[in-house]
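Every number in this text was worked out from the coordinates using simple rules, so none of it is lab data. Bear in mind that the values here come from a model prediction, so they are computed numbers and not experimental data. A quick note on method: Cβ atoms are made from the backbone with ideal geometry, for glycine too, and the neighbour counts reach across all protein chains shown.
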Amino acid sequence: MNKFFKPFFFLSSFFLFFSVLSFSAGAQDAPPVEPPSSLTQADTQAVPLAVAPSEPIPDPTGANTGGIGDVPSATPGKPTVEEVAAVAGHNKISINFVWTLIAGFLVMFMQCGFAMVEVGFTRAKNAAHTMAMNFAVYPIGMLGFWICGFAFMFGGFGAIGLLGGQNLLNHEVTIHLFGKPFDIIGFKGFFLSGGAYDVTIFTMFLFQMVFMDTAATVPTGAMAERWKFLSFVVFAFFLSMVSYPIHGNWVWGGGWLADLGVNFGWGHGVVDFAGSGVVHMVGGWTSLAGAIVLGARIGKYGKDGAVHAIPGHNIPMAIAGTFILAFGWFGFNAGSTLAGTDLRISVVAVNTMLAGSSGAFVAMIYMWVKYGKPDPSMMANGMLAGLVAITAPCAFVNSVSAVIIGGIASLLIIKSVFFIDQTLKIDDPVGAISVHGVGGAWGILSLGLFADGTYGDGWNGVKGPVTGLFYGDSGQLIAQMVEVVVCFSFIFSISYVFFKILDKCVGNRVPPEMEIEGLDIPEMGVKGYQDNIEGQR
């Protein structure tokens, strides 16, 4: 019985600790009293509130978001100018709401694409196990992000203006260094309760949660075919509650990396439009740490140092999964405007298409010329590399730059895959470290090179559009370089320590005999394929 009790006691304790911590913090954030929505603005001035009049009031119904609640009562048949303006403002915010939510739904569907890619690139005897990890990371990650991840990441973000929000996320922990404020973690919005019970914040939560889930699912590919499921479950809580939100706060939550422009004059600070760094580098460097601690699959490397290929069992499934990911990426990138009324979404969408296509084409030509065959698996990873790389600069570059960025990303990940596999001898069954880690780093740097100064005025509080080195601003490249170094240093270090501790507590790896047999029956209790043939094993 102790064999089963110990790991589940550890998991329960881990979950309970963060839940209590978050609840204690959230308990201080009680919802203010809201006046009855039926009262007019004039009436509310006479209503005694439980908070100071200047304190922002959550809007859980949406009735007062976007200007609707700020106009006098209508005169039948004679709408006032204020009423017309309020309706127009409300409709604009409504369009942005719908756009952001639909984009979030597209990103959620990418989970299916990731699952198909990873299952296709691994062996049939582990299909149910690999698919189960890709499935389970969604509910686990959502719960972790709901408990405290969102609060740590966006608790000090302030008003979400494009969605009509008020300054409800207004608690950021700040330290002072070199005479400058360094915002390091948010501290409001735990359990989406209290002051976070607001339609704008809920929209932001959904969109950001599926981004976090993308980062969390990357290691399920790099660590596939030997990762103990219990260890994976604990990891999913850790990334969604700790490592991803903290780094995300520094870039997207108004933290110190975003403030490098304001504080030190380095461009607009770190700019990462849709997550080459925040999402993909985090997933990639977490995968690197996990794969190192976990070790290679049995039979991958010989005692003489020989590298043995372990082919995936279903390349068509992996290719289909790549198409699903490319489709969902429109939500990933274009949706990051948070505004269907921002017409730059057309540029973002086309740049996304071009970079992914360039990546796939360059990979096909390179493999064809060098090895005599185009290699569909590398074509798929080439497309993903282009998509990962364009994710940061997609809104700030022109179409020619997008093609260049995608093509370079493809070449980089091909070289990286062989280097990691054959020189470093780190076993990554799907190439996740290269695609997301290396591709993400190149995406961040490419923005500092190719941003053409046509978009982003006021980004991170800096006046003027975002401009890269090739268009006159070397400071932006410096900020982007800082992000690459900081993301790798922080994420790799904290993940490596986490996996080491987890290995001591519950173990990361399945027993050798289980790995040889396949993880479907021992870990999941069911086969991925009931008629599993020996050739697929």
Could you tell me how many degrees, from 0 to 90 and to the nearest 10, lie between the Cα long axis of helix 399-418 and the main elongation axis, the longest principal axis, of the Cα atoms of the chain?
40
Modelled FRET efficiency - R0 51 Å, ILE95 with MET514, Cβ distances, 0.05 increments
0.45
From the alpha carbon gyration tensor of the chain, can you work out the equivalent ellipsoid semi-axes (sqrt of 5 times each eigenvalue) and give them in Å, largest to smallest?
41, 28, 21
Defining a contact as two alpha carbons under 8 Å apart and six or more residues distant in sequence, what relative contact order in percent does the chain show?
19
Which values of log₁₀ I(q)/I(0), to two decimal places, follow from the Debye formula for region 358-514 at q = 0.10, 0.11, 0.20 Å⁻¹ with a uniform point scatterer at every Cα?
-0.46, -0.54, -1.18
Any idea what angle helix 127-144 forms with the longest principal axis of the chain, computed on alpha-carbon atoms, 0 to 90 degrees, nearest 10?
20
Helical mean residue ellipticity (222 nm; -39500 (n - 2.57) per DSSP H run of 4+; nearest 500) of the chain:
-17500 deg cm²/dmol
Amide H of PHE182: which non-local residues (sequence gap of 5 or more, or other chain) have their own amide H closer than 5 Å, using H built in the peptide plane?
ILE175, HIS176, LEU177
Could you run the Karplus curve 6.51 cos²θ - 1.76 cosθ + 1.60 with θ = phi - 60° over region 258-274 and give me ³J(HN,Hα) per residue in whole Hz, x for Gly and Pro?
5, 8, 4, x, 5, 7, 10, x, 8, x, 9, x, 5, 10, 9, 4, 10
Subtracting the Cα-Cα distance from 0.36 nm times the residue separation, let me have the gained length for ALA159 to ALA349 in nm, one decimal.
65.8 nm
Taking θ = phi - 60°, what integer Hz values does the Karplus form 6.51 cos²θ - 1.76 cosθ + 1.60 yield along region 507-521, in sequence order, with x for Gly and Pro?
x, 9, 10, 6, x, x, 5, 5, 5, 5, 5, x, 8, 4, 6
Quote the Stokes-Einstein diffusion coefficient, in whole µm² s⁻¹, for region 71-201, based on the Kirkwood radius over alpha carbon pairs, a temperature of 25 °C and a viscosity of 0.890 mPa s.
133
Multiplying the sequence separation of THR341 and ILE102 by 0.36 nm and subtracting their Cα-Cα distance, what value in nm do you get?
84.6 nm
By how many degrees, between 0 and 90 and to the nearest 10, does the Cα long axis of helix 199-222 differ from the longest principal axis of the chain?
10
Amide H to amide H, which residues 5 or more places from LEU169 or on other chains are under 5 Å from it, using H placed in the peptide plane?
GLY158
In whole Hz and in residue order, list the ³J(HN,Hα) couplings for region 481-498 that follow from phi through the Karplus curve 6.51 cos²θ - 1.76 cosθ + 1.60, θ = phi - 60°; x for Gly and Pro.
5, 4, 4, 4, 5, 5, 4, 4, 4, 6, 5, 5, 5, 5, 6, 4, 4, 4
Just the ratio, please: alpha-carbon radius of gyration of region 320-382 over 2.2 N^0.38 Å, N its number of residues.
1.36
Two-site FRET efficiency, HIS308 against GLN530, from Cβ-Cβ distance with R₀ of 41 Å, rounded to 0.05:
0.90
Note: THR61 to THR174 extended length (0.36 nm per residue) minus current alpha-carbon separation gives 37.5 nm
Cα-Cα P(r), region 168-236, percent of pairs per 5 Å interval
3, 12, 15, 14, 14, 14, 14, 9, 3, 1
Under a crude label model (7 Å from the Cα following the beta-carbon direction), how far is ILE521 from PHE182 in nanometres?
5.4
Shape of region 433-522 from its Cα gyration tensor (a ≥ b ≥ c, root eigenvalues): rounded if a/c is under 1.5, otherwise prolate when a/b > b/c, or oblate?
prolate
For region 271-371, inverting the pair-averaged 1/r of distinct alpha-carbon atoms gives a Kirkwood value in Å of 17.0
Quote the FRET efficiency, to the nearest 0.05, computed for LYS373 versus LEU411 with a Förster distance R0 of 25 Å and r equal to the Cβ-Cβ distance.
0.90
